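Remarks on the structure that follows.
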Amino acid sequence: MSENMTTTTTAPTENLRERALKLDAADPLAGRRALFALDDGVYLDGNSLGALPVHVPARVQDVLTRQWGELRIRSWDESGWWTAPERIGDRIAPLVGAAAGQIVVGDSTSVNVFKAVVAAVRIAGEGRDEILVDATTFPTDGYIASAAARLTGHRIVPVAPADVLAALGPRTAAVLLNHVDYRSGRLHDLPGLTAAVHAAGAVAVWDLCHSAGALPVGLDEHGVDLAVGCTYKYLNGGPGSPAYLYVAERHQAVFDSPLPGWNSHADPFGMTAGYAPADGSVRGRVGTPDIVSMLTLEAALDVWDGVSVDAVRAKSLALTDFFLECVEAYVPAGRVVSVTPAAHAERGSQVALRCAEAEPVMRRLIERGVVGDLRRPDVLRFGFTPLYVGFADAERAARILADVLAEVPAGNTVG
Ligand SMILES: *Cc1c(COP(=O)(O)O)cnc(C)c1O
């Protein structure tokens, strides 16, 4: 009570600043920030390109100068290059709730969507001719799913995630969904939707690009069939770092890749003319892995050692709650509207604010060191990466947003 009395006599800015400092002081993940190369700004774009962990350049230097420069071809064995895709897959596995042996790293998310969708309709078998695809998806998933549908003789059914249940039926072969919507930050019900897809006799493919590294996924626990995700967002693997493919153990023997390159062969160095797929996650490989990028990712994953994904989730929700509270306190009513769900069960790790003047506002925010991004035409997107963003950052970003909005009059969509 007395605390309330004192706080009501201070300006709201002071209250929120003080609270931010207390929250940062009590944050069990606060120490992780020092592991990253960051400046004095507020980096809220780690959901697009994660920050560089400071130890990574020296490790990459070793890959180039010693592993490649000195060991040369011996590194395929001696430096573990050949087995890197499965080994690094096993490091990502605990972050998405998968037991070892089900994730392989390589190629881009787009390519893995192709492998997963084609493999999914092949698992579903004859007599089912529809592929349900999240109509609001990141465009590449939709483009690739359409091409996969044309190749396999299926029909694409675009469907809003809320309408998936109604669209499922005996014709459904596979369903491609995003765990978190890249634009709004909405978290979809992976356990419930996966169960519904299974009840309809179809195969569930999840895209984890905006959830892996930000919140628990529970792939094994919820019986997901296939999943893909990128590693350069919340997993900080670096620009263009390779993506990953999860194939549940129960499907591995029938996983029929549409891109059966020699790296997925049971005996790749046998160089035989006939194709015989390898067992396990290796079956998801295609060609020679991009070793430099892959080992950059492997080094970057060290920042997760000893981190509980539940703690990451708790901080992520506290951060996005606090940012929304600061925005509410500082920004004049009506200038921005949150399109990120208020309910925790429906929220990823970003806040999306609809703002008519989004373009000039984001430009000015970036000039002042608050780096978010823009989803045209009118969405300001702020990603909260719990390993290196703190509560003082959230408060500062909201305060600077209010300052910028004061400079950019309502209705000024270009200046
Ligand atoms: C980031 C993202 C991608 C990126 O695909 P790339 O092939 O790595 O360029 C794909 N899908 C979703 C949902 C994403 O968020």
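Structure notes:
- From Ser308, Ser264, residue being more than 16 Å from the ligand (Cβ to nearest atom), in contact with a Pro (Cβ under 7 Å, 6 or more places away or on another chain) and at pLDDT 95 or above: Ser264
- Cβ pairs under 7 Å, 6+ apart, first in the stretch 132-145 and touching a residue at least 40 places away in the same chain (Cβ under 8 Å), second near the ligand (Cβ under 8 Å from one of its atoms) and aromatic (Phe, Trp, Tyr): Phe138/Tyr182
- Helices (runs of 4 or more DSSP H) enclosed by the stretch 60-156 - at least 3 residues per element that are more than 15 Å from the ligand (Cβ to nearest atom) and under 19 Å from Val197 (Cβ atoms): 109-124
- Of all residues in the stretch 259-271 being in contact with a strand residue (DSSP E or B) (Cβ under 8 Å, 6 or more places away or on another chain) and either of a type in the set (S, T, N, Q) or in a loop (DSSP other than H, G, I, E, B) (or both), the one that is nearest to Pro85 (Cα to Cα): Ser264
- Within the stretch 142-155, tally of residues that are in contact with a strand residue (DSSP E or B) (Cβ under 6 Å, 6 or more places away or on another chain) and surrounded by 19 or more Cβ atoms within 10 Å (Cβ to Cβ): 3
For (1) modelled with pLDDT of 95 or more; (2) surrounded by 11 or more Cβ atoms within 10 Å (Cβ to Cβ); (3) hydroxyl-bearing (Ser, Thr, Tyr), each residue gets a yes or a no:
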| site | (1), (2), (3) |
| --- | --- |
| Glu3 | no, no, no |
| Thr6 | no, no, yes |
| Thr13 | no, yes, yes |
| Glu18 | yes, yes, no |
| Phe36 | yes, yes, no |
| Val42 | yes, yes, no |
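- Boolean, Arg375 is among the charged types (D, E, K, R) and within 22 Å of Pro28 (Cβ to Cβ): no
Yes/no matrix, rows are residues, columns are (1) of a type in the set (Ser, Thr, Tyr); (2) loosely packed, with under 15 Cβ neighbours inside 10 Å:
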| site | (1), (2) |
| --- | --- |
| Pro242 | no, no |
| Val247 | no, no |
| Val303 | no, no |
| Val312 | no, no |
| Thr320 | yes, no |
| Glu325 | no, no |
| Ala329 | no, no |
| Val337 | no, yes |
| Ala343 | no, yes |
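- Selected residue (only one of Ala318, Ala333 is modelled with pLDDT under 95 and among the hydrophobic types (A, V, I, L, M, F, W, C)): Ala333
The values are calculated or read from the model by the stated rules, or taken from the named source; none is laboratory data. A quick note: this is a predicted structure, and the numbers were derived from the prediction, not measured. As a convention, Cβ positions derive from the backbone with ideal geometry for all residues, glycine included, and neighbour counts pool all protein chains shown.
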